Structures are given as structure tokens and as C-alpha cells.
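Shown next, in C-alpha cells, is the structure this report addresses.
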Amino acid sequence: MSILELLEIKHPIFLAPMAGVSTPELAAEVSNQGAFGSLGLGANTPETAKAEILKTQALTDKPFQVNFFCHQPEQLDEQKAQQWIEYIRPQFAKFGAEPPTELHCIYPSFLDNDDFLNVVLETNPKAVSFHFGIPHPHQIQALKDAGIVTMVSATNLIEAQQIEVAGIDIIIAQGIEAGGHRGIFNKHFDAAIRTSHLVQLISRHCKCPVVAAGGIMNGDQAKLMFKQGASAAQLGTAFVQCRSSNANAAYRKTLFSQNITQLSASLSGRPARGLLGTWHTQIDAPNRPELPEYPYTYDLTKQLISVASQHNDPSYGAFWAGMNVGQIRELEAADLINQLVLEIKTN
């Protein structure tokens, strides 16, 4: 069965699930054009996740995916937390503000309990995808029993092989060019493989369908991935500029005015690629302290972003973007899908 048949979609184009940027409107617009819409729900509570899924289902009767984080839960090291707070204190001081005295776990993991699983089973979307790891075996089985397609991001061959052994249906091959958080299972190791090479590698050694993700901005790049063995292409950065995304005005402006991206773990505690900003030019110094655990680090970042925004300083924003952001086009979701399809079909 082809990936188009499995997912009941017309075009081999996926909208990347982007937590904080995804909206039901964007997901529905993509799905209504015959591509595969998505909701990035890693930053949601079970209650808000359910509301977003139901809203999307009210906007489209077409298939879409929902995405959750599968990071291994970690205890906060209070000493590292305080060292990091003190290191970031001068950034708060620029705006006459004080940093928080403690950090909180702002993003739960799908692995923590079955609350998110129950939401998925109750709302029954076409597919569910995972980042940072693989769900528990009983969770995978419950999804299979419900007829829900499962997908997991892989950044190297070993992760892909583990995904396949776990019984997951589709592997998302996330190359180093991808914007946003790296899907690495082990936060201390990143093979940093280019998308095209990763697709080749996984396609040769795994039987699951492979979706290419990372640095894809147009149909020509998608076609290259298909030639390397991908069954579909997943795009995120290309869709952030759409009016139906949740990106703020500063994010949208920066997408079109700045084309340099860099990986940094300083924003959240896990490496993520975004547009060059203060985090990369001032905070990521060689002598910076060891980071607190994910997502505790992100708690501090979000508070600093809020303070800076109140002073009209967008340079601290978590403006996630892929390496080919300079090729971004100002198109609404439906038009972008149509353009991608045209480019893919053109010889």
C-alpha cells in the first residue's frame, strides 16, 4: 500500500507539525487541498489538545496528523538551574526585570501517562506522530487497535531501525537542515546527517515508508527526495508565513529579512534550528554554564521573550526556521500546495 493510500491523501506533501505555530485553520487548509495537514500539540495540555483536534475536524473532513513529544522525563538539577538563571540575569536586567527564582516543566511528555493517548483515541485523527522518541509499547498497540497510523521522527539510521522494530508505520527522516527541534532520542548525540543522505540511508535499510523532512521549500527539492527513496516530503518553514499560522508579526517579518539559521540548545535545553538572534550572538558563548534539563530551560526563555516583547525587542524570539529559509515564498496554504504540486509534476 502506498503512503497516499495509507493516509487517504492526494498529494505526497506533509505540513510539519509545529508546536506554537500550528493552528486548526492551517491544518484544515492544507488537508482540504489534498495534502496532509497537522497539529503540533507538544506544548498543549490534554484539554487544549482535544479542543484543537475537534476544531480541526470541524473545519475539514480530510485526514490530518497530530504530533506529541516523547522526551524522556528528567528531574531538574537545581544547581544547574540556578547557575543558568544567574547567567541569563543580565539579559533580564536590560529591560529592568528580574528572572524567575525557579524553573518549571512546561511541556509534558506523551510517555508520562496515558492522558494524551486517551485524547487521541477519543478524537480518532488519521495519524499521530512523535518527536524525541518512541511511545510505550502499550500506547503503540492501543493506537494500532484503533486503526490510527503512527509516525516517529528519526535523525539517524539506528533511531529509524528502532522505530521500525517498535511497529511504527511511517518514519519521518529529519535532516540537519530542518527548522525547529531536532528529533534526537539522545540529547547528547546528533549524527547531523543531511536530509537527502538520511533518506537514502533509511530507505536502503528499512521497509517502512520514509517521509523526508528538512530544508524542503519547493517542489524541485521534494522531487530530489523522492528520487532518494522518500514517499513524501514534509515542509514546515515554508508554511510559517501563512496568515493562518500562529506566527506573530515579528516572526513573519524576520522570515523574509534574515536567511541565516543556527542550531542552539540554549533556548529550550535541546538543540533546535532557528533564525539568528540574540541567543546565538550573545548567549551561546563557549563558557556558558551547563543547561538545565528540557523543558525547564524553555520556561526561562519564554519568560525572557515575554519581557523583551513588552519592550518591542523581538531578537530573543524562538523563530524556528530551516536552512533554506531564504527561499521562502509569500503564499497562502492552498496556493502553496498548488504551487508545490505543479513543481513536483513538472519535469
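Here are the numbers:
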| item | result |
| --- | --- |
| Using θ = phi - 60° and Karplus 6.51 cos²θ - 1.76 cosθ + 1.60, couplings along segment 217-229 (whole Hz; Gly, Pro as x) | 10, 8, x, 5, 5, 5, 4, 4, 5, 4, 5, 7, x |
| Selection from 295, 233, 267 lying farthest towards where the dipole of segment 221-347 points positive, charges on Cβ | 233 |
| Selection from 180, 95, 341, by position along the positive dipole direction of the chain (Cβ) | 341 |
| Added length on full extension, which subtracts the Cα-Cα distance from 0.36 nm per residue, residue 47 to residue 287 | 82.3 nm |
| Inter-part distance where segment 251-265 and segment 184-239 are each reduced to a Cα centre, Å | 21 |
| Per-residue [θ]222 nm for the chain (sum of -39500 (n - 2.57) over DSSP H runs n ≥ 4, rounded to 500) | -11500 deg cm²/dmol |
| Spin-label model distance (nm) - residue 89 vs residue 204, 7 Å beyond Cα toward Cβ | 5.3 |
| Among 171, 328, 13, residue whose mean-square fluctuation peaks in a GNM of the chain (springs only between Cα atoms under 10 Å) | 328 |
| Two-site FRET efficiency, residue 122 against residue 253, from Cβ-Cβ distance with R₀ of 51 Å, rounded to 0.05 | 0.85 |
| Share antiparallel - DSSP beta bridges, the chain, percent rounded to 5 | 20 |
| Residue 226 paired with residue 263, simple spin-label distance in nm, labels 7 Å along Cα-to-beta-carbon | 3.0 |
| Extension reserve of the residue 55-residue 112 stretch, reckoned as 0.36 nm per residue once the Cα distance is removed | 18.0 nm |
| C-alpha long axis of helix 195-205 to longest principal axis of the chain, angle in ° | 50 |
| Distance from segment 112-165 to segment 301-344 (C-alpha centre basis), Å | 27 |
| Helix 296-310 axis, angle to the chain major axis (alpha carbon atoms, nearest 10°) | 70 |
| Correct option for Rg and Dmax of the Cα atoms in Å [calculated from the coordinates] among [x] 19.2, 59; [y] 23.6, 78; [z] 33.0, 105 | [x] |
| Charge dipole magnitude, Cβ of K and R +1, D and E -1 - the chain, Cα centre, debye nearest 20 | 1000 |
| Unit charges on C-beta of K, R, D, E only; dipole of segment 1-133, Debye | 460 |
| Gained length - residue 102 relative to residue 146, 0.36 nm times residue gap less alpha-carbon distance | 11.8 nm |
| Whole-Hz ³J(HN,Hα) from phi, Karplus 6.51 cos²θ - 1.76 cosθ + 1.60, for segment 236-247, glycine and proline x | x, 3, 4, 9, 4, 6, 4, 4, 7, 7, 9, 5 |
| Partner aspartates and glutamates for residue 302 [C-alpha distance under 20 Å; skip if fewer than 8 residues away on the same chain] | 74, 77, 78, 86, 98, 102, 284, 290, 293, 313 |
| Set 187/207; 55/126; 187/223 screened for pairs whose C-alpha atoms are more than 21 Å apart | 187/207; 187/223 |
| Angle between the chain longest axis and helix 46-59 axis [Cα atoms, degrees, rounded to 10] | 40 |
| Relative contact order, percent, the chain [alpha-carbon distance under 8 Å, six or more residues apart] | 19 |
| Of the GluC sites (Glu not before Pro) in segment 1-101, those whose Cβ has at most 15 other Cβ within 10 Å and which sit in DSSP loop | 8, 74 |
| Qualifying aspartates and glutamates (Cα of each under 17 Å from Cα of residue 345; at least 8 residues distant if same chain) | 220, 335 |
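Since every read-out is calculated from the coordinates, none of them should be taken as a lab result. All of these numbers come straight from a predicted model, not from anything done at the bench. Here Cβ is always computed from backbone atoms with ideal geometry, including for glycine, and neighbour counts include all displayed protein chains.
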